[in-house]
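The values are calculated or read from the model by the stated rules, or taken from the named source; none is laboratory data. The shown structure was predicted, so the numbers you read here are calculated from the model rather than taken from an experiment. For neighbour counting, all protein chains shown are included, and Cβ atoms are generated from backbone atoms with ideal geometry for every residue, glycine included. Ligands, DNA and RNA are excluded from the accessible area calculation, which covers all protein heavy atoms including side chains. Shrake-Rupley method; radii C 1.70, N 1.55, O 1.52, S 1.80 Å.
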Amino acid sequence: MFDKILIANRGEIALRIVRACKELGIKTVVVYSKVDRESLAVRLADEAVCIGPAPSGSSYLNIPAIISAAEITDVDALHPGYGFLAENAHFAEICESCRIKFIGPSVDNLRLMGNKALARETVQKLGIPTIPGSKSIIKDKQEALEVVKKIGYPVIIKSAGGGGGKGMRIAHNEISLLNSIDTAQAEAEASFGSPDVYIEKYIQRPRHIEFQILADNYGNIIHLGERDCTIQRRHQKLIEEAPSLRVDKELREKMGRAAVKCAKSIGYKGAGTVEFLLDEQGNYYFIEMNTRIQVEHPITEMVSGIDLLKEQIRIAAGERLRYQQKDIEIKGWAIECRINAEDWEKDFSPSPGRIEKWIIPGGRGVRVDTAVYPGCVIPPYYDSLIAKLITYGKTREEAILIMRRALEEFVIDPIKTTLPLYKEIFASEAFWEGKFHTQIIEELLQEK
Ligand code: MV4
(Lines give C-alpha, C1' and ligand atoms only; values in the text may rest on other atoms or scores of the structure.)
Protein backbone atom coordinates (compact mmCIF):
# COMPACT_ATOMS: atom_id res chain seq x y z
CA MET A 1 0.00 0.00 0.00
CA PHE A 2 1.14 3.59 -0.59
CA ASP A 3 2.97 5.49 2.13
CA LYS A 4 2.02 9.00 0.94
CA ILE A 5 -0.44 10.37 -1.65
CA LEU A 6 -0.63 13.84 -3.17
CA ILE A 7 -4.15 15.16 -3.78
CA ALA A 8 -4.20 17.40 -6.85
CA ASN A 9 -7.57 18.99 -6.25
CA ARG A 10 -9.50 21.27 -3.88
CA GLY A 11 -12.82 21.65 -2.08
CA GLU A 12 -15.04 18.78 -1.06
CA ILE A 13 -13.35 16.12 -3.22
CA ALA A 14 -9.90 16.97 -1.84
CA LEU A 15 -11.30 16.56 1.68
CA ARG A 16 -13.03 13.31 0.67
CA ILE A 17 -9.72 11.86 -0.55
CA VAL A 18 -7.83 13.06 2.58
CA ARG A 19 -10.42 11.24 4.71
CA ALA A 20 -10.16 8.00 2.70
CA CYS A 21 -6.35 8.12 2.97
CA LYS A 22 -6.47 8.69 6.74
CA GLU A 23 -8.73 5.65 7.14
CA LEU A 24 -6.23 3.61 5.11
CA GLY A 25 -3.29 4.86 7.19
CA ILE A 26 -1.80 6.76 4.25
CA LYS A 27 -0.08 10.13 4.72
CA THR A 28 -1.46 13.01 2.65
CA VAL A 29 -0.11 16.02 0.80
CA VAL A 30 -2.57 18.64 -0.42
CA VAL A 31 -1.66 21.26 -3.00
CA TYR A 32 -3.46 24.58 -2.81
CA SER A 33 -3.70 27.96 -4.49
CA LYS A 34 -3.18 31.15 -2.50
CA VAL A 35 -6.93 31.67 -1.93
CA ASP A 36 -7.31 28.11 -0.59
CA ARG A 37 -4.67 28.52 2.10
CA GLU A 38 -7.30 28.30 4.88
CA SER A 39 -9.17 25.35 3.34
CA LEU A 40 -10.26 22.38 5.43
CA ALA A 41 -8.30 19.96 3.24
CA VAL A 42 -5.11 21.97 3.90
CA ARG A 43 -5.87 21.94 7.60
CA LEU A 44 -6.49 18.16 7.78
CA ALA A 45 -3.71 16.99 5.43
CA ASP A 46 -0.33 15.96 6.83
CA GLU A 47 1.48 18.35 4.47
CA ALA A 48 0.38 21.19 2.18
CA VAL A 49 2.19 22.91 -0.69
CA CYS A 50 1.15 26.22 -2.27
CA ILE A 51 1.31 25.76 -6.05
CA GLY A 52 0.41 29.27 -7.20
CA PRO A 53 -2.10 32.10 -7.41
CA ALA A 54 -5.88 31.60 -7.63
CA PRO A 55 -6.50 31.19 -11.39
CA SER A 56 -6.74 27.44 -12.21
CA GLY A 57 -4.22 27.75 -15.04
CA SER A 58 -1.61 28.96 -12.53
CA SER A 59 -2.52 26.44 -9.83
CA TYR A 60 -4.71 23.34 -10.14
CA LEU A 61 -3.92 23.00 -13.86
CA ASN A 62 -0.26 23.94 -13.37
CA ILE A 63 1.40 20.58 -14.15
CA PRO A 64 5.03 21.60 -13.42
CA ALA A 65 4.02 23.06 -10.04
CA ILE A 66 2.03 19.96 -9.08
CA ILE A 67 4.76 17.55 -10.16
CA SER A 68 7.34 19.64 -8.26
CA ALA A 69 5.16 19.47 -5.14
CA ALA A 70 5.00 15.68 -5.57
CA GLU A 71 8.78 15.47 -5.96
CA ILE A 72 9.69 17.63 -2.96
CA THR A 73 7.25 15.81 -0.68
CA ASP A 74 8.37 12.44 -2.07
CA VAL A 75 4.91 10.93 -2.60
CA ASP A 76 4.25 7.45 -4.04
CA ALA A 77 1.00 8.32 -5.79
CA LEU A 78 -1.24 11.15 -6.88
CA HIS A 79 -5.04 11.34 -6.78
CA PRO A 80 -6.48 13.86 -9.31
CA GLY A 81 -10.07 13.85 -8.02
CA TYR A 82 -12.54 15.07 -10.68
CA GLY A 83 -12.34 18.03 -13.05
CA PHE A 84 -8.98 19.86 -13.47
CA LEU A 85 -6.41 17.20 -14.60
CA ALA A 86 -8.44 14.11 -13.65
CA GLU A 87 -8.88 12.91 -17.27
CA ASN A 88 -5.73 14.51 -18.75
CA ALA A 89 -3.77 11.71 -20.43
CA HIS A 90 -0.69 13.95 -20.83
CA PHE A 91 -0.64 14.64 -17.08
CA ALA A 92 -1.07 10.94 -16.26
CA GLU A 93 1.85 10.18 -18.59
CA ILE A 94 4.07 12.73 -16.84
CA CYS A 95 3.17 11.24 -13.44
CA GLU A 96 4.11 7.76 -14.65
CA SER A 97 7.39 9.03 -16.17
CA CYS A 98 8.21 10.63 -12.80
CA ARG A 99 7.43 7.31 -11.09
CA ILE A 100 4.40 8.78 -9.35
CA LYS A 101 1.48 6.34 -9.53
CA PHE A 102 -1.51 8.11 -11.11
CA ILE A 103 -4.61 6.91 -9.24
CA GLY A 104 -6.85 6.34 -12.22
CA PRO A 105 -6.95 4.30 -15.42
CA SER A 106 -4.03 3.85 -17.82
CA VAL A 107 -2.90 6.59 -20.18
CA ASP A 108 -4.33 4.55 -23.07
CA ASN A 109 -7.72 4.26 -21.31
CA LEU A 110 -7.75 8.04 -20.79
CA ARG A 111 -6.84 8.76 -24.42
CA LEU A 112 -9.37 6.33 -25.88
CA MET A 113 -12.32 7.34 -23.70
CA GLY A 114 -11.36 11.01 -23.96
CA ASN A 115 -12.19 10.85 -27.66
CA LYS A 116 -15.96 10.42 -27.54
CA ALA A 117 -16.21 9.48 -31.23
CA LEU A 118 -13.51 6.79 -30.91
CA ALA A 119 -15.14 5.51 -27.70
CA ARG A 120 -18.47 5.19 -29.52
CA GLU A 121 -16.84 3.41 -32.45
CA THR A 122 -15.02 0.99 -30.11
CA VAL A 123 -18.16 0.18 -28.14
CA GLN A 124 -20.22 -0.21 -31.33
CA LYS A 125 -17.87 -3.03 -32.45
CA LEU A 126 -18.65 -4.86 -29.18
CA GLY A 127 -22.30 -5.04 -30.13
CA ILE A 128 -23.25 -2.66 -27.31
CA PRO A 129 -26.18 -0.47 -28.43
CA THR A 130 -25.13 3.01 -29.56
CA ILE A 131 -27.36 5.75 -30.90
CA PRO A 132 -27.86 5.64 -34.69
CA GLY A 133 -25.65 8.21 -36.36
CA SER A 134 -22.32 8.70 -38.10
CA LYS A 135 -19.85 5.81 -37.94
CA SER A 136 -17.27 8.16 -36.46
CA ILE A 137 -16.13 11.76 -36.97
CA ILE A 138 -17.83 13.30 -40.02
CA LYS A 139 -15.34 14.32 -42.70
CA ASP A 140 -17.53 16.93 -44.38
CA LYS A 141 -21.06 18.31 -44.70
CA GLN A 142 -21.84 15.96 -47.57
CA GLU A 143 -21.29 13.00 -45.27
CA ALA A 144 -23.43 14.68 -42.62
CA LEU A 145 -26.32 15.05 -45.09
CA GLU A 146 -26.00 11.37 -46.09
CA VAL A 147 -26.06 10.29 -42.43
CA VAL A 148 -29.11 12.42 -41.65
CA LYS A 149 -30.92 11.06 -44.72
CA LYS A 150 -30.69 7.63 -43.08
CA ILE A 151 -31.59 8.56 -39.47
CA GLY A 152 -33.90 11.53 -39.96
CA TYR A 153 -34.24 14.76 -37.94
CA PRO A 154 -33.82 15.89 -35.22
CA VAL A 155 -30.13 15.09 -34.86
CA ILE A 156 -27.47 16.18 -32.38
CA ILE A 157 -23.92 17.19 -33.26
CA LYS A 158 -21.33 16.33 -30.60
CA SER A 159 -17.64 17.21 -30.37
CA ALA A 160 -15.24 14.26 -30.16
CA GLY A 161 -13.19 16.05 -27.52
CA GLY A 162 -16.24 17.18 -25.57
CA GLY A 163 -18.25 14.94 -23.33
CA GLY A 164 -20.60 15.88 -20.56
CA GLY A 165 -22.71 17.72 -23.09
CA LYS A 166 -20.06 20.31 -23.91
CA GLY A 167 -20.16 21.44 -27.54
CA MET A 168 -23.51 19.82 -28.37
CA ARG A 169 -25.80 21.30 -31.02
CA ILE A 170 -29.28 20.09 -32.04
CA ALA A 171 -30.50 20.40 -35.68
CA HIS A 172 -34.10 20.02 -36.86
CA ASN A 173 -33.61 20.60 -40.60
CA GLU A 174 -30.93 20.92 -43.27
CA ILE A 175 -30.29 24.65 -42.78
CA SER A 176 -29.86 24.31 -39.01
CA LEU A 177 -27.73 21.19 -39.61
CA LEU A 178 -25.23 22.97 -41.86
CA ASN A 179 -25.07 26.02 -39.57
CA SER A 180 -24.78 23.86 -36.45
CA ILE A 181 -21.88 21.89 -37.92
CA ASP A 182 -19.96 25.13 -38.45
CA THR A 183 -20.76 26.35 -34.92
CA ALA A 184 -20.01 23.01 -33.27
CA GLN A 185 -16.69 22.66 -35.13
CA ALA A 186 -15.64 26.19 -34.19
CA GLU A 187 -16.59 25.63 -30.54
CA ALA A 188 -14.86 22.25 -30.48
CA GLU A 189 -11.69 23.77 -31.92
CA ALA A 190 -11.77 26.58 -29.37
CA SER A 191 -12.59 24.39 -26.38
CA PHE A 192 -10.82 21.12 -27.12
CA GLY A 193 -8.23 21.95 -29.76
CA SER A 194 -9.93 19.75 -32.35
CA PRO A 195 -12.86 20.54 -34.68
CA ASP A 196 -13.83 16.85 -34.90
CA VAL A 197 -17.57 16.29 -34.51
CA TYR A 198 -19.93 13.34 -34.95
CA ILE A 199 -23.70 13.04 -35.39
CA GLU A 200 -26.35 11.06 -33.51
CA LYS A 201 -30.12 10.79 -33.74
CA TYR A 202 -31.51 13.15 -31.06
CA ILE A 203 -33.28 11.10 -28.39
CA GLN A 204 -36.28 13.02 -27.04
CA ARG A 205 -36.76 13.16 -23.23
CA PRO A 206 -34.13 10.53 -22.37
CA ARG A 207 -33.05 9.42 -18.94
CA HIS A 208 -29.34 9.73 -18.21
CA ILE A 209 -28.36 6.42 -16.57
CA GLU A 210 -24.75 5.73 -15.62
CA PHE A 211 -23.15 2.56 -14.22
CA GLN A 212 -20.31 2.58 -11.68
CA ILE A 213 -17.47 0.23 -12.59
CA LEU A 214 -14.58 -1.07 -10.47
CA ALA A 215 -11.76 -2.94 -12.28
CA ASP A 216 -8.50 -4.23 -10.78
CA ASN A 217 -5.18 -5.04 -12.49
CA TYR A 218 -5.96 -8.75 -12.75
CA GLY A 219 -8.96 -8.68 -15.07
CA ASN A 220 -11.62 -8.59 -12.34
CA ILE A 221 -14.39 -6.11 -13.17
CA ILE A 222 -17.69 -5.48 -11.39
CA HIS A 223 -20.44 -2.89 -11.56
CA LEU A 224 -22.12 -1.32 -8.56
CA GLY A 225 -25.47 -0.56 -10.14
CA GLU A 226 -26.73 2.62 -11.71
CA ARG A 227 -27.24 6.30 -10.99
CA ASP A 228 -30.03 8.33 -12.59
CA CYS A 229 -28.64 11.78 -13.43
CA THR A 230 -31.49 13.04 -15.59
CA ILE A 231 -32.13 16.29 -13.71
CA GLN A 232 -29.55 18.57 -15.30
CA ARG A 233 -29.38 22.18 -16.36
CA ARG A 234 -27.24 23.11 -19.37
CA HIS A 235 -25.50 19.72 -18.97
CA GLN A 236 -24.67 20.38 -15.32
CA LYS A 237 -26.13 17.62 -13.15
CA LEU A 238 -28.21 18.98 -10.25
CA ILE A 239 -29.91 15.97 -8.67
CA GLU A 240 -28.81 12.33 -8.89
CA GLU A 241 -30.35 9.21 -7.41
CA ALA A 242 -29.53 5.54 -7.04
CA PRO A 243 -31.05 3.28 -8.11
CA SER A 244 -33.20 4.56 -11.00
CA LEU A 245 -36.98 4.28 -11.05
CA ARG A 246 -36.72 3.38 -14.74
CA VAL A 247 -34.34 0.46 -14.35
CA ASP A 248 -35.78 -2.87 -13.18
CA LYS A 249 -33.75 -5.94 -12.19
CA GLU A 250 -33.64 -7.35 -15.73
CA LEU A 251 -32.59 -4.06 -17.36
CA ARG A 252 -30.00 -3.52 -14.59
CA GLU A 253 -28.41 -6.86 -15.41
CA LYS A 254 -28.40 -6.14 -19.15
CA MET A 255 -26.95 -2.62 -18.83
CA GLY A 256 -24.53 -3.71 -16.09
CA ARG A 257 -23.21 -6.49 -18.32
CA ALA A 258 -22.79 -4.00 -21.18
CA ALA A 259 -20.91 -1.60 -18.89
CA VAL A 260 -18.58 -4.37 -17.68
CA LYS A 261 -18.07 -5.59 -21.28
CA CYS A 262 -17.13 -2.04 -22.32
CA ALA A 263 -14.56 -1.73 -19.53
CA LYS A 264 -13.18 -5.24 -20.09
CA SER A 265 -12.76 -4.68 -23.84
CA ILE A 266 -10.31 -1.82 -23.27
CA GLY A 267 -8.51 -3.37 -20.30
CA TYR A 268 -9.89 -0.68 -18.02
CA LYS A 269 -8.28 -0.22 -14.59
CA GLY A 270 -9.75 1.56 -11.59
CA ALA A 271 -13.06 3.29 -10.97
CA GLY A 272 -14.99 4.43 -14.02
CA THR A 273 -18.52 5.28 -15.14
CA VAL A 274 -20.25 4.07 -18.29
CA GLU A 275 -22.97 6.51 -19.37
CA PHE A 276 -26.13 5.50 -21.22
CA LEU A 277 -29.26 7.19 -22.46
CA LEU A 278 -32.53 5.35 -21.84
CA ASP A 279 -35.38 6.30 -24.16
CA GLU A 280 -39.09 6.26 -23.37
CA GLN A 281 -39.44 2.79 -24.91
CA GLY A 282 -36.82 1.38 -22.52
CA ASN A 283 -34.03 1.12 -25.12
CA TYR A 284 -30.58 1.92 -23.77
CA TYR A 285 -27.66 3.40 -25.71
CA PHE A 286 -24.00 3.93 -24.76
CA ILE A 287 -23.01 7.59 -24.96
CA GLU A 288 -19.63 7.92 -23.21
CA MET A 289 -17.33 6.59 -20.50
CA ASN A 290 -15.92 8.77 -17.73
CA THR A 291 -12.48 7.75 -16.48
CA ARG A 292 -12.55 9.40 -13.06
CA ILE A 293 -14.33 9.30 -9.72
CA GLN A 294 -17.51 11.34 -10.18
CA VAL A 295 -19.10 14.08 -8.12
CA GLU A 296 -22.11 11.86 -7.50
CA HIS A 297 -20.15 8.82 -6.25
CA PRO A 298 -21.65 9.08 -2.69
CA ILE A 299 -25.09 7.79 -3.73
CA THR A 300 -23.50 4.59 -5.03
CA GLU A 301 -21.55 4.31 -1.78
CA MET A 302 -24.78 4.63 0.20
CA VAL A 303 -26.72 1.91 -1.67
CA SER A 304 -23.78 -0.49 -2.14
CA GLY A 305 -22.00 0.04 1.20
CA ILE A 306 -18.67 0.31 -0.63
CA ASP A 307 -16.18 3.18 -0.18
CA LEU A 308 -15.28 3.99 -3.79
CA LEU A 309 -12.31 6.19 -2.93
CA LYS A 310 -10.68 3.47 -0.83
CA GLU A 311 -11.32 0.89 -3.57
CA GLN A 312 -9.74 3.24 -6.13
CA ILE A 313 -6.64 3.61 -3.97
CA ARG A 314 -6.44 -0.13 -3.24
CA ILE A 315 -6.65 -0.96 -6.97
CA ALA A 316 -3.93 1.61 -7.80
CA ALA A 317 -1.75 0.02 -5.10
CA GLY A 318 -2.04 -3.31 -6.92
CA GLU A 319 -4.57 -5.02 -4.68
CA ARG A 320 -7.13 -7.46 -6.08
CA LEU A 321 -10.82 -6.51 -5.97
CA ARG A 322 -12.29 -7.73 -2.68
CA TYR A 323 -15.72 -8.26 -4.21
CA GLN A 324 -17.22 -10.39 -6.93
CA GLN A 325 -20.38 -9.39 -8.79
CA LYS A 326 -22.41 -11.84 -6.70
CA ASP A 327 -21.35 -9.97 -3.54
CA ILE A 328 -22.85 -6.68 -4.73
CA GLU A 329 -26.27 -5.93 -3.28
CA ILE A 330 -28.01 -2.62 -3.95
CA LYS A 331 -30.08 -1.77 -0.88
CA GLY A 332 -32.28 1.23 -0.18
CA TRP A 333 -32.40 4.51 -2.08
CA ALA A 334 -30.02 7.49 -2.13
CA ILE A 335 -30.52 10.98 -3.54
CA GLU A 336 -27.95 13.75 -3.96
CA CYS A 337 -28.48 17.49 -4.42
CA ARG A 338 -25.55 19.59 -5.60
CA ILE A 339 -25.55 22.78 -3.51
CA ASN A 340 -23.98 25.42 -5.75
CA ALA A 341 -23.05 28.99 -4.82
CA GLU A 342 -25.30 30.38 -7.55
CA ASP A 343 -28.29 32.71 -7.68
CA TRP A 344 -30.73 30.40 -9.46
CA GLU A 345 -33.22 33.26 -9.88
CA LYS A 346 -30.59 35.26 -11.77
CA ASP A 347 -29.81 32.61 -14.36
CA PHE A 348 -27.65 30.70 -11.86
CA SER A 349 -25.08 33.51 -11.78
CA PRO A 350 -22.15 32.78 -9.43
CA SER A 351 -22.56 34.01 -5.84
CA PRO A 352 -19.13 33.85 -4.15
CA GLY A 353 -18.33 35.45 -0.78
CA ARG A 354 -17.80 34.84 2.93
CA ILE A 355 -20.08 32.35 4.69
CA GLU A 356 -21.43 34.14 7.75
CA LYS A 357 -24.10 31.63 8.77
CA TRP A 358 -23.69 27.88 8.07
CA ILE A 359 -25.93 25.21 9.62
CA ILE A 360 -25.76 21.79 7.99
CA PRO A 361 -28.54 19.20 8.40
CA GLY A 362 -28.00 15.93 10.22
CA GLY A 363 -29.90 13.08 11.72
CA ARG A 364 -30.77 9.66 10.34
CA GLY A 365 -30.09 9.16 6.64
CA VAL A 366 -28.26 12.48 6.03
CA ARG A 367 -24.72 12.89 4.65
CA VAL A 368 -23.18 16.24 3.74
CA ASP A 369 -19.92 16.20 1.73
CA THR A 370 -18.47 19.70 1.97
CA ALA A 371 -15.30 21.58 2.81
CA VAL A 372 -17.18 24.72 3.82
CA TYR A 373 -17.13 25.99 7.41
CA PRO A 374 -18.51 29.19 9.05
CA GLY A 375 -16.31 32.15 8.15
CA CYS A 376 -14.70 30.58 5.10
CA VAL A 377 -14.71 32.44 1.80
CA ILE A 378 -16.16 30.93 -1.39
CA PRO A 379 -13.76 32.14 -4.11
CA PRO A 380 -15.05 33.13 -7.58
CA TYR A 381 -12.28 31.27 -9.44
CA TYR A 382 -13.55 27.70 -9.41
CA ASP A 383 -16.60 25.50 -9.89
CA SER A 384 -19.57 26.72 -7.82
CA LEU A 385 -20.19 23.40 -6.03
CA ILE A 386 -19.90 24.03 -2.27
CA ALA A 387 -21.67 21.00 -0.79
CA LYS A 388 -23.40 17.76 -1.72
CA LEU A 389 -26.48 16.93 0.35
CA ILE A 390 -27.15 13.19 0.26
CA THR A 391 -30.07 11.41 1.89
CA TYR A 392 -30.58 7.68 2.24
CA GLY A 393 -33.76 5.73 3.01
CA LYS A 394 -35.13 2.21 2.73
CA THR A 395 -37.37 3.45 -0.07
CA ARG A 396 -37.36 6.37 -2.52
CA GLU A 397 -40.26 7.94 -0.67
CA GLU A 398 -38.32 7.84 2.60
CA ALA A 399 -35.21 9.32 0.96
CA ILE A 400 -37.36 12.16 -0.42
CA LEU A 401 -38.98 12.85 2.96
CA ILE A 402 -35.55 12.97 4.62
CA MET A 403 -34.31 15.26 1.82
CA ARG A 404 -37.26 17.63 2.34
CA ARG A 405 -36.47 17.81 6.07
CA ALA A 406 -32.73 18.23 5.48
CA LEU A 407 -33.27 21.03 2.96
CA GLU A 408 -35.37 22.88 5.54
CA GLU A 409 -32.58 22.56 8.14
CA PHE A 410 -29.78 23.72 5.83
CA VAL A 411 -28.84 27.40 6.42
CA ILE A 412 -26.30 29.21 4.22
CA ASP A 413 -26.03 33.00 4.53
CA PRO A 414 -25.53 35.51 2.99
CA ILE A 415 -24.49 34.00 -0.39
CA LYS A 416 -27.18 32.77 -2.80
CA THR A 417 -27.38 29.01 -3.43
CA THR A 418 -29.47 26.43 -5.25
CA LEU A 419 -31.14 25.35 -1.96
CA PRO A 420 -34.48 27.10 -2.73
CA LEU A 421 -34.63 25.41 -6.14
CA TYR A 422 -34.36 21.97 -4.55
CA LYS A 423 -37.05 22.81 -2.00
CA GLU A 424 -39.38 23.46 -4.94
CA ILE A 425 -38.35 20.34 -6.85
CA PHE A 426 -38.71 18.04 -3.84
CA ALA A 427 -42.11 19.48 -3.08
CA SER A 428 -43.29 18.82 -6.65
CA GLU A 429 -45.59 15.99 -7.69
CA ALA A 430 -43.44 15.43 -10.79
CA PHE A 431 -40.41 14.50 -8.72
CA TRP A 432 -42.38 12.41 -6.23
CA GLU A 433 -44.03 10.49 -9.08
CA GLY A 434 -40.67 10.14 -10.86
CA LYS A 435 -42.23 11.62 -13.98
CA PHE A 436 -39.36 14.04 -14.50
CA HIS A 437 -37.33 14.35 -17.69
CA THR A 438 -34.46 16.48 -18.95
CA GLN A 439 -36.59 19.60 -19.22
CA ILE A 440 -37.98 19.62 -15.64
CA ILE A 441 -35.65 22.43 -14.54
CA GLU A 442 -36.42 24.59 -17.57
CA GLU A 443 -40.15 24.02 -17.07
CA LEU A 444 -39.90 24.91 -13.36
CA LEU A 445 -37.94 28.06 -14.16
CA GLN A 446 -40.53 29.12 -16.74
CA GLU A 447 -43.22 28.95 -14.06
CA LYS A 448 -41.28 31.51 -12.00
C1 MV4 B 1 -27.89 13.15 -26.00
C2 MV4 B 1 -29.21 13.62 -25.79
C3 MV4 B 1 -30.18 13.27 -26.75
N4 MV4 B 1 -29.84 12.55 -27.84
N5 MV4 B 1 -27.59 12.44 -27.10
C6 MV4 B 1 -24.80 13.88 -23.50
C7 MV4 B 1 -23.94 14.19 -22.33
C8 MV4 B 1 -24.88 14.16 -21.19
N9 MV4 B 1 -24.46 15.01 -20.09
C10 MV4 B 1 -26.17 14.63 -21.75
N11 MV4 B 1 -26.16 14.27 -23.12
C12 MV4 B 1 -27.18 14.10 -23.98
N13 MV4 B 1 -26.91 13.40 -25.10
C14 MV4 B 1 -28.56 12.15 -28.01
N15 MV4 B 1 -28.24 11.45 -29.14
C16 MV4 B 1 -29.49 14.37 -24.64
C17 MV4 B 1 -28.48 14.63 -23.76
C18 MV4 B 1 -28.80 15.44 -22.58
C19 MV4 B 1 -29.36 14.84 -21.46
C20 MV4 B 1 -29.57 13.47 -21.45
C21 MV4 B 1 -30.12 12.93 -20.32
C22 MV4 B 1 -30.43 13.71 -19.22
C23 MV4 B 1 -30.22 15.04 -19.23
C24 MV4 B 1 -29.66 15.65 -20.35
C25 MV4 B 1 -29.43 17.01 -20.39
C26 MV4 B 1 -28.90 17.56 -21.50
C27 MV4 B 1 -28.58 16.77 -22.62
- Query: Assigning unit charges at the beta carbon (Lys, Arg +1; Asp, Glu -1) and nothing else, what dipole magnitude in debye, to the nearest 20, does the stretch 4-103 show about its Cα centre?
  - Reply: 240 debye
- Task: With +1 on each Lys and Arg Cβ and -1 on each Asp and Glu Cβ, and nothing else charged, work out how big the dipole of the stretch 368-412 is about its Cα centre, in Debye to the nearest 20.
- Result: 120 debye
- Query: Which aspartates and glutamates have a Cα lying under 16 Å from the Cα of LYS34, excluding residues fewer than 8 positions away in the same chain?
  - Reply: GLU47
- Note on the structure: Here the percent of antiparallel bridges among DSSP beta bridges lying wholly in the chain, to the nearest 5, is 80 percent
- Query: Put PHE276, PHE84 in order of accessible area, largest first, 1.4 Å probe: what do you get?
  - Reply: PHE84, PHE276
- Message: Let me spell out the model: positive unit charges on the Cβ of Lys and Arg, negative unit charges on the Cβ of Asp and Glu, origin at the Cα centre of the chain. What dipole size does that give, in debye rounded to 20?
- Response: 640 debye
- For the stretch 4-103, what proportion of DSSP beta bridges, expressed in % and rounded to the nearest 5, is antiparallel? 0 percent
- Pairs to check: LYS27/LYS158; LYS101/LYS423; LYS158/LYS254. Give those whose C-alpha atoms are more than 31 Å from each other in this structure. LYS27/LYS158; LYS101/LYS423
- Message: Report, to one decimal in Å, the Kirkwood hydrodynamic radius for the stretch 132-201 based on all distinct Cα pairs.
- Response: 11.5 Å
- Note on the structure: Surpassing 19 Å at the alpha-carbon level, of the pairs LYS4/LYS264; LYS149/LYS201; LYS116/LYS139; LYS264/LYS310, are LYS4/LYS264; LYS264/LYS310
- Query: Could you name the aspartates and glutamates in cross-link range of LYS346, using Cα to Cα under 14 Å and dropping any fewer than eight places away on the same chain?
  - Reply: GLU442
- Computed lengthening from GLN446 to ARG320, 0.36 nm per intervening residue step minus Cα-Cα distance: 40.3 nm
- Message: Limiting things to C-alpha atoms, what are the Rg and the maximum Cα-Cα separation (Dmax) for the chain, in angstroms?
- Response: 21.4, 60
- Note on the structure: Checking ARG338, ARG227, ARG205 against a Gaussian network model of the chain (alpha-carbon springs below 10 Å), the top fluctuating residue turns out to be ARG205
- Identify, among ILE266, GLY282, VAL247, the residue whose Cα sits farthest towards the positive end of the charge dipole of the stretch 247-289, taking +1 on the Cβ of Lys and Arg and -1 on the Cβ of Asp and Glu, with the dipole about the Cα centre. ILE266
- Item | Cα-only radius of gyration and Dmax that characterise the stretch 303-388, units Å | 17.8, 49
- Using a Förster distance of 35 Å, the FRET efficiency for THR395-TYR373 (Cβ separation, nearest 0.05): 0.60
- Note on the structure: Once all protein chains are kept in place, ARG234 shows an accessible area at probe 1.4 Å, nearest 10 Å², of 150 Å²
